[in-house]
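A.B. asks: Handing you this structure, nothing more for now.
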Amino acid sequence: MVQCFACLLCSGLSRRLHSAGSDPAARLSWLLSCCSPTGEPQCGASLSDPNKALKINLNSNANCLWHIQRSENQTIRLIFSYFKFNPSSSCETESIKVYDGPSSNSPLLGQVCNNTDAVPVFQSSSNSLTFLITTNSVAFTRNFFVSYYYFSPETTIENCGGSLTGPSGTFTSPNYPAAYPEFTYCVWHIQTTKNSKISLEFQDFFLELDQNCQFDFLAVYDGLTTDTGLIGKACGVSRPTFESSSNAMTVVLSTDYANSYRGFSARYTSVLPSPPEPDTSLTCSSDRMTIVLSKAYLDSLGYNETHLQLNDPSCRPVTTDQVIFSFPLSSCGTTKKDEDLSITYTNVVTISESGNVITRKKIVQIIAKCIMEKNSTLEVIYVTENNIIQNTASVGRYNVSMSFYDSDSFSSPVLESPYYVDLNQTLFAQVSLHSTDPNLLVFIDTCTASPQSDFGSITYDLIRSGCKKDDTVVTYQPLEHYGRFRFNAFRFLRRAPSVYLQCDVLICDSNNESSRCTKGCVSRQKRETSSYTWKTKAVVGPIRLKRDRRAADHLESLTGTDAEETPNLQRYSFSTLSVVVLISNIIIVVAVVVKYHMNCLSGSGYQKIPSSY
């Protein structure tokens, strides 16, 4: 009996003894039904009670089958209000399978696994039902709490479940504020307007309390189904709050046969999401504006690419996984404004429904601005949505280059580098702005020469503040995107071989007759800092004299000739050396012989040879 009492505690059903009545024999019969003859919880059983709750503990390699059947022609509702599998298991290795009939050969109603995201509830089509629990070989204690009861489907409970579709509303448990009925299973489906969310709050809440909410509980689902998407489960007296991720929510109330309380009073409201962040980007170059919008951003607003247009509706986007408008700065209805030190190009992407008489959607305008100022291009996007303005910004540049040309027609650029010239030769220089906007002027403000490319040592001014500082300089009138001048070639003293040229370039709006580009030479004292739009530097060089190239070529030629003659010279030097050594040796030998002979003469004296007569 001690073991059976342990089984009773294990099953968590001591609170249920009063359901067997006050008859000790009935209580003993109920207790024995809980336990096997050895006092251990059973692995499987045949059950015929009108309702029952079981706490099941299983270890590894279990394969347990429970049969539920009665003679009454009623339906069975089976609820797994708590389950704990081996955390590493899958549906293939561990599961609960529920069959609609008296055996495991009956049709499968469904399956419960470790990853089941719901409080599983099954309903039979007849008076019998079977469930099978299998576990894998991992040593782990699995826990399950399952209850069932018979009921008649045609029996209805007032104020139990229903559909709620208004933007807000209230509902209560059956009999509230009186105790809710036993064996209650109520389902409320809530659905609000598209693109909204649902917030659920409880003004009053009192269900039977237990740690895992196994007996009486409230389950809330994200969506219109109870098969998945469980947001949470609640019981006890705390007042929970829930929020869906969409415009649909399902609320379930499930109770058993004992310990009923007053239930709950709930209120739901639809919540409009915060305005989505505009997932857009803007890129500005010297000649183009590119606006990119994500399809997901348009979807969040309830639109697609067919609802978009620029100031000029004939300019259409290219659609891939993004929606892209890319067009020249001076096209598609783009407006231009001269603002002191900058020129601003503006276009507007309007997102709205077309072809309809009325609409309930917001009209969204994306205001794209390319602001050309100083050494950069500032890119700004404004998104207006019912007077809500959001913006982003990034940086770009005008595209400016400088080249030498071979004549004052400026038709053939000089491509060689270094550029070799004759001393006092006339050189033609042109600064070019690469832009599709025809209403821009290029003005050469200052040009400085230096023998070094970093312009960090000696410098010499050719042009300063639009004024000629070198007598040979001739400037040309500004011509749209070109600034031109000429000068005579020179060289720096101290035999610096190269000359580099750096020019400060101003870009102005040609429609502004008082811009800096139209004023020519202006002294430093009178110069207006706000009279031009954009300023940058252009560098070209080096320039070198042709005689330097000839000298370099001659030196290279000599070096090559010496290199070719070196082997012959080496052979000649070796032969000459050999002859010299030989002659020296002969001279030494002759000197030794002569010296020896002289020594002999001095030792014997002088003697006249007698005559034969």
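A.B. asks: Using r as the Cβ-Cβ distance of D422 and S401, and R0 as 30 Å, what FRET efficiency do you calculate, to the nearest 0.05? Before the final figure, lay out each step's value.
C.D. replies: On the way: r = 25 Å, r/R0 = 0.85.
FRET efficiency, D422 to S401: 0.75.
A.B. asks: For a test of the definition: using alpha carbon positions, the gyration tensor, and the 1.5 limit on a/c, classify the stretch 66-114 as rounded, prolate or oblate.
C.D. replies: Numbers: a/c = 3.27, a/b = 1.99, b/c = 1.64.
Note, shape of the stretch 66-114 comes out prolate.
A.B. asks: With a 1.4 Å probe and all protein chains kept in place, how much accessible area does K468 have, in Å² rounded to the nearest 10?
C.D. replies: Its heavy atoms expose roughly 120 Å² to the probe.
A.B. asks: Sticking with this one: For the stretch 223-358, with every protein chain kept in place, what is the accessible area per residue (1.4 Å probe, Å²)? Don't jump to the answer; show the numbers that get you there.
C.D. replies: Values: 6250 Å² over 136 residues.
Counting only protein heavy atoms, the per-residue value for the stretch 223-358 is 46 Å².
A.B. asks: For a Förster distance of 22 Å, can you work out the FRET efficiency between the beta-carbons of D299 and D117, rounded to the nearest 0.05? The partial results should precede the final answer.
C.D. replies: Details: r = 26 Å, r/R0 = 1.17.
The calculated FRET efficiency here is 0.30.
A.B. asks: Rounded, prolate or oblate: which fits the stretch 51-137, taking a ≥ b ≥ c as square roots of the Cα gyration tensor eigenvalues, rounded meaning a/c under 1.5, else prolate when a/b beats b/c? Mind showing how you got there, number by number?
C.D. replies: Values: a/c = 1.94, a/b = 1.79, b/c = 1.08.
Prolate, since a/c reaches 1.5 and a/b exceeds b/c.
A.B. asks: For S457 and E201 in the same chain, what is the full-extension length gain: residue separation times 0.36 nm, less their Cα-Cα distance, in nm?
C.D. replies: Values: separation 256, 0.36 × 256 = 92.16 nm, distance 7.69 nm.
Contour length minus Cα-Cα distance gives 84.5 nm.
A.B. asks: So how much slack lies between S103 and R316, counting 0.36 nm per residue of separation and subtracting their Cα-Cα distance, in nm? Numbers along the way, then the final one.
C.D. replies: Details: separation 213, 0.36 × 213 = 76.68 nm, distance 6.50 nm.
Net length gain for the segment: 70.2 nm.
A.B. asks: On a full-extension model of 0.36 nm per residue, what is the gain between A258 and T141, subtracting their alpha-carbon distance, rounded to one decimal in nm? Before the final figure, lay out each step's value.
C.D. replies: Details: separation 117, 0.36 × 117 = 42.12 nm, distance 2.81 nm.
My answer for the length gained is 39.3 nm.
A.B. asks: Excluding ligands and nucleic acids, what accessible area in Å² is computed for L230 using a 1.4 Å probe, to the nearest 10?
C.D. replies: Its heavy atoms expose roughly 50 Å² to the probe.
A.B. asks: Additional query: Estimate the FRET efficiency between S168 and T283 by the formula 1/(1 + (r/R0)^6), using the beta-carbon distance for r and 51 Å for R0, to the nearest 0.05.
C.D. replies: Numbers: r = 45 Å, r/R0 = 0.88.
According to the calculation, E is roughly 0.70.
A.B. asks: Moving to a separate point now. Taking a ≥ b ≥ c as the square roots of the Cα gyration tensor eigenvalues, with a/c under 1.5 meaning rounded and otherwise prolate when a/b beats b/c, else oblate, which class fits the stretch 57-198? Mind showing how you got there, number by number?
C.D. replies: Values: a/c = 2.34, a/b = 1.48, b/c = 1.58.
Taking the square roots of the gyration eigenvalues as a ≥ b ≥ c, the stretch 57-198 is oblate.
A.B. asks: Quickly rank 449-461, 253-265 as a protection proxy: mean count of other C-beta atoms within 10 Å, highest first. List each step's numbers first, then the result.
C.D. replies: Values: 449-461: 14.5, 253-265: 20.4.
Top to bottom by mean Cβ count within 10 Å: 253-265, 449-461.
A.B. asks: How far apart, in nanometres, would the label points at S238 and S331 be if each is projected 7 angstrom from Cα along the Cα-to-Cβ direction?
C.D. replies: 6.3 nm
A.B. asks: Given a cut-off of 22 Å, name the pairs among K295/K336; K469/K546; K52/K84 whose C-alpha atoms lie farther apart than that in the structure shown.
C.D. replies: Numbers: K295/K336 29 Å; K469/K546 25 Å; K52/K84 20 Å.
Check vs 22 Å cut-off fails for K295/K336; K469/K546.
A.B. asks: First compute the accessible area of the stretch 98-158 with a 1.4 Å probe, then give the percent of it belonging to carbon and sulfur atoms. Walk me through the numbers before you get to the answer.
C.D. replies: Numbers: 1280 of 2710 Å².
Of all accessible area on the stretch 98-158, carbon and sulfur atoms account for 47 percent.
A.B. asks: How far apart, in nm, are the 7 Å Cα→Cβ label points at S411 and Q365?
C.D. replies: A separation of 4.9 nm, rounded to one decimal place.
The values are calculated or read from the model by the stated rules, or taken from the named source; none is laboratory data. Since the model is a prediction, treat every value here as computed from it, not as a measurement. Neighbour counts run over all protein chains shown; Cβ positions are idealised from the backbone, glycine included. To get the accessible areas, we keep the full protein, side chains included, count just its heavy atoms, and leave off ligands, DNA and RNA. Shrake-Rupley method; radii C 1.70, N 1.55, O 1.52, S 1.80 Å.
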